[in-house]
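Student: I have a structure I would like to understand better, so I am pasting it below and will then ask my questions one at a time.
The values are calculated or read from the model by the stated rules, or taken from the named source; none is laboratory data. Source: prediction; values computed, not measured. Cβ placement follows ideal geometry from the backbone for every residue including glycine, while neighbour counts extend to all protein chains displayed. Note: areas computed on protein heavy atoms with side chains; ligands, DNA, RNA excluded. Shrake-Rupley method; radii C 1.70, N 1.55, O 1.52, S 1.80 Å.
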Amino acid sequence: MSNNNVLKGVALVGLGATSYGMLATFVKLAYQEHYTTAEVTTAQFVLGITGILLINLFQKNKNNKRSGVVKATTRNVFQLMLAGSSLGMTSVFYYLAVRYIPVSIGIVLLMQTVWMGVLLEWVLDKKAPSIQKIISVFIVLVGTALATNLMAKELDLDWRGILWGLLAAGSFTTTMFTANRVALGISSAQRSLYMLLGGAVIVFSFAIFTQVTPFHFSIFGKWGLILALFGTIIPPMLMNSGFPHTGIGLGSIVSSLELPVSVMMAYVILDETVVLSQWIGILLIILAIVIMNVNFTMFKRK
C-alpha cells in the first residue's frame, strides 16, 4: 500500500472522527432551545436515512452500468438492522447523558468502549486479553478518573448522566463488534442504510413513548440537517472509505481524535470548564488506544 493511500485514509478517518466529535455540542445547543431528546434523535435519523438513501440511489444508477455489484440479501438486511438497533440505542443513551452532564464528561464515558470491547471479546470469543490490552485498559481507567475530574471535592455529577453515558458506551461497543462481522461483502452505503433503519426503530419507539408534548417540527430546519450530516451521513461514509487504507490499528488511533475534538468544542462553544488534569486524562485515554493498536515486540510471545 502506497504512502499516498495511507495518508488519504488517515485524512478520511480523521475528518469522520472530527465530525462525530462535534455532534454532542450541537445536541447541547438544541437542548438550550428547549428541544427534547426525542425530537433531536428523530430529526437526525429521518434526515440521515434520507441522505444515505439518496447516496444509495446514486450508487445504484452508477453501478447499473457495471456488472458484479453485490446486493444485500434478506439475511444481510436482517443482520444489519439488528446490529443497527444498538446504534439507535447509542444515540438515545448518549444524548440523554449530555442532557444531565457536561459534553466533556459524556464523551469520556462513551470512550469506555476501549475496555468494554476487550471484555466483550473475552466473553464471546473466549479470547483472553493480552498483556498489551490489559495495560491499555488500566491506562484508560486512570485516564477516565482524571478526565472526569473524579478527585475534585466540588465535583457534582448527576448520576443519571453517568448511567446513560455508560449505557451509551455499552451499546456502542455492541455496534462496533457486530458491524465489523456482518454483511461485509456489500457496499458501505447499503450497510449504513440498513443499520440506520434498524436504529430508527429504536429511536422512533423512544420518541413515541417519551414525547409527551407536541412535537416541534422546527427541529428539522434548525438542527436536524446539521445533526444528520455530522452524525449519520459524513462520518460513516468517510470512515468506511478510510479504514481500508489505514487498517484497523492505525484507523482506531486516528479515530480517537473524536475525544479531544468533542472536549475542545464544549470548551470553546459551550464554555464548559476543562481543567489541566482532565486534559491529561484525555491524553492517557488516547495513549491507551495507541498502545492497544500498535504491535510492540515486547508483548509478542516467543
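Student: If you wrap region 142-293's Cα atoms in a convex hull and average its projection over all directions, what's the area in nm²?
Tutor: 11.4 nm²
Student: Still on this model: Sort region 1-158 into rounded, prolate or oblate with this rule: let a ≥ b ≥ c be the square roots of the eigenvalues of the Cα gyration tensor; rounded if a/c is under 1.5, and if a/c is not under 1.5, prolate when a/b is larger than b/c, oblate otherwise.
Tutor: oblate
Student: If you rank Leu29, Leu283 by how much accessible surface each has, with a 1.4 Å probe, what is the order from largest down?
Tutor: So the residues, ranked largest to smallest area, are Leu283, Leu29.
Student: May I pose another question? Applying the Karplus parametrisation 6.51 cos²θ - 1.76 cosθ + 1.60 with θ = phi - 60° to the phi angles of region 23-38, what ³J(HN,Hα) value in whole Hz is obtained for each residue in order, glycine and proline being reported as x?
Tutor: Taking θ as phi minus 60°, the curve returns 4, 4, 5, 5, 4, 4, 5, 5, 4, 5, 9, 6, 7, 8, 4, 4 Hz for region 23-38.
Student: At a probe radius of 1.4 Å, what is the per-residue accessible area of Lys222, in Å² to the nearest 10?
Tutor: 120 Å²
Student: Using a 1.4 Å probe, how large is the accessible area of Arg160, given in Å² and rounded to the nearest 10?
Tutor: 90 Å²
Student: At a Cα cut-off below 20 Å, give the aspartates and glutamates reachable from Lys8, other chains included and same-chain residues fewer than 8 away excluded.
Tutor: The qualifying aspartates and glutamates are Glu258.
Student: What 222 nm value per residue comes from the helices of the chain, counting each DSSP H run with n ≥ 4 as -39,500 (n - 2.57) and dividing by all residues, nearest 500 deg cm²/dmol?
Tutor: -25000 deg cm²/dmol
Student: Which order do you get for Ile208, Ile49, Ile285 if you rank them by accessible area with a 1.4 Å probe, largest at the top?
Tutor: Ile208, Ile49, Ile285
Student: Can I ask one more? Under the rule a/c < 1.5 gives rounded, and otherwise a/b versus b/c splits prolate from oblate, where does the chain land using the Cα gyration tensor?
Tutor: Oblate shape, in that a/c is at least 1.5 and b/c is the bigger or equal ratio.
Student: Another one. Along the Cα-to-C-beta direction of Trp122, a point sits 7 Å from the Cα; which residues of region 171-212 have their amide N less than 20 Å from that point?
Tutor: 171-178
Student: Next question. ³J(HN,Hα) across region 278-291 via Karplus (A = 6.51, B = -1.76, C = 1.60, θ = phi - 60°), whole Hz, x for Gly/Pro?
Tutor: Going residue by residue, I get 5, 5, 4, x, 4, 5, 5, 5, 5, 4, 4, 5, 5, 4 Hz, with x marking Gly and Pro.
Student: Between Thr213 and Leu7, take the C-beta separation as r, use R0 = 45 Å, and let me know the FRET efficiency to the nearest 0.05.
Tutor: For R0 = 45 Å, the calculated efficiency reads 0.35.
Student: With label points built 7 Å along Cα→Cβ from the Cα atoms of Arg181 and Lys222, find their separation and express it in nm.
Tutor: 4.2 nm
Student: Using a 1.4 angstrom probe, figure out how much accessible area region 187-243 has per residue, in square angstrom, rounded to the nearest whole.
Tutor: For region 187-243, the solvent-accessible area averages 46 Å² per residue.
Student: On to the next question. If I compute solvent accessible area with a 1.4 Å probe over the protein chains, what percent of it on region 48-170 is carbon and sulfur?
Tutor: 68 percent
Student: 7 Å from Cα along Cα→Cβ at both Ile131 and Phe58: what's the point-to-point distance in nm?
Tutor: 5.0 nm
Student: Any idea what the dipole of the chain comes to, in debye rounded to 20, about its Cα centre with Lys/Arg Cβ at +1 and Asp/Glu Cβ at -1?
Tutor: About 1420 debye.
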